[in-house]
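Worksheet: one structure, shown below.
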Amino acid sequence: MCNSKLITLILLSMVLVAVTHSATRAAADNSQPPPIVLQSQKIELPRGNLKFEGSEPGARSASTYCVMCHSRGMIDSQPPLSRDAWKTEIHKMRTAYGCPVSEGLDEELVDFLYQYNHKAAPSASKQ
Ligand code: HEC
């Protein structure tokens, strides 16, 4: 076989492969996506509306002001914090996020949150 015939044969094979390939892709593109089937699901969400138990003023203030934007879980999940840290936290909630609690309630809130946090927090990390 001379060189030009060989080259023609190779070129023809390449064209054949390209045509077959694009035909296969076109067939795949026409296929329908699987139908979407909607079904009702029952999902149990974690409770996010817990308040602080107790009737002392600190508990009532915390239930009023500290679960407005997030759940009690945000406080439950803290490690044991010092009184100063709680004071800083309340200040941060007021200044950074707009918590409407007045500064006059800081002391009772710090007392309550400190007691609550040290009762609820894991004892292994108590200081
Ligand atoms: C105006 C909304 C708002 C109020 C009211 C509020 N918080 Fe927050 N709090 C936030 C936001 C926003 C975050 C940050 C959430 C995050 O990072 O995912 C946060 C986070 C926290 C955290 C996690 C630590 C941190 O600093 O990010 C603690 C603890 C906390 N708040 C305690 C309190 C306490 C105690 C009160 C009541 C005095 C309070 N929050 C009231 C908005 C609020």
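So for the stretch 90-100 (the condition being within 8 Å of the ligand (Cβ to nearest atom), among the basic types (Lys, Arg) and out of contact with any strand residue (DSSP E or B) (no Cβ under 9 Å at 6 or more places or on another chain)), does at least one residue qualify?
Taking every residue of the stretch 90-100 in turn, at least one turns out to be within 8 Å of the ligand (Cβ to nearest atom), among the basic types (Lys, Arg) and out of contact with any strand residue (DSSP E or B) (no Cβ under 9 Å at 6 or more places or on another chain).
State all residues of the stretch 61-84 that are of a type outside the set (Val, Ile, Thr), in a helix (DSSP H, G or I) and farther than 14 Å from Gln115 by Cβ; if no residue qualifies, say none.
Within the stretch 61-84, Ser63, Tyr65, Gly73, Met74, Asp84 meet the criteria.
Kindly provide the set of residues from the stretch 86-108 that are more than 25 Å from the chain's Cα centre (by Cα) and surrounded by 16 or more Cβ atoms within 10 Å (Cβ to Cβ), ordered by number.
Residues satisfying the conditions are Lys87, Val101, Leu105, Asp106, Glu108.
Report whether or not Gln78 is more than 9 Å from the ligand (Cβ to nearest atom) and either among the polar types (S, T, N, Q) or more than 21 Å from Ser55 (Cα to Cα) (or both).
Against the criterion (more than 9 Å from the ligand (Cβ to nearest atom) and either among the polar types (S, T, N, Q) or more than 21 Å from Ser55 (Cα to Cα) (or both)), Gln78 does not qualify.
Based on what the data block shows, is Val110 at pLDDT 95 or above and near the ligand (Cβ under 9 Å from one of its atoms)?
Spelling it out, it is not the case that Val110 is at pLDDT 95 or above and near the ligand (Cβ under 9 Å from one of its atoms).
Can you confirm whether Pro35 is at pLDDT below 90 and farther than 15 Å from Phe112 by Cβ?
no
Taking the stretch 53-66, which residues are surrounded by fewer than 16 Cβ atoms within 10 Å (Cβ to Cβ) and in contact with a helix residue (DSSP H, G or I) (Cβ under 6 Å, 6 or more places away or on another chain)?
Matches in the stretch 53-66: Pro57 only.
I'd like the full set of residues that are surrounded by 10 or more Cβ atoms within 10 Å (Cβ to Cβ), more than 19 Å from the chain's Cα centre (by Cα) and not basic (Lys, Arg), limited to the stretch 33-52.
Leu50, Phe52
Is there any pair linking a residue in the stretch 60-89 that is modelled with pLDDT under 95 to one that is assigned to a loop (DSSP other than H, G, I, E, B) and near the ligand (Cβ under 9 Å from one of its atoms), with Cβ under 6 Å and at least six apart or on different chains, and which?
none
The values are calculated or read from the model by the stated rules, or taken from the named source; none is laboratory data. Bear in mind that the values here come from a model prediction, so they are computed numbers and not experimental data. So basically every Cβ, Gly included, is an ideal-geometry build from the backbone, and we count neighbours across all protein chains shown.
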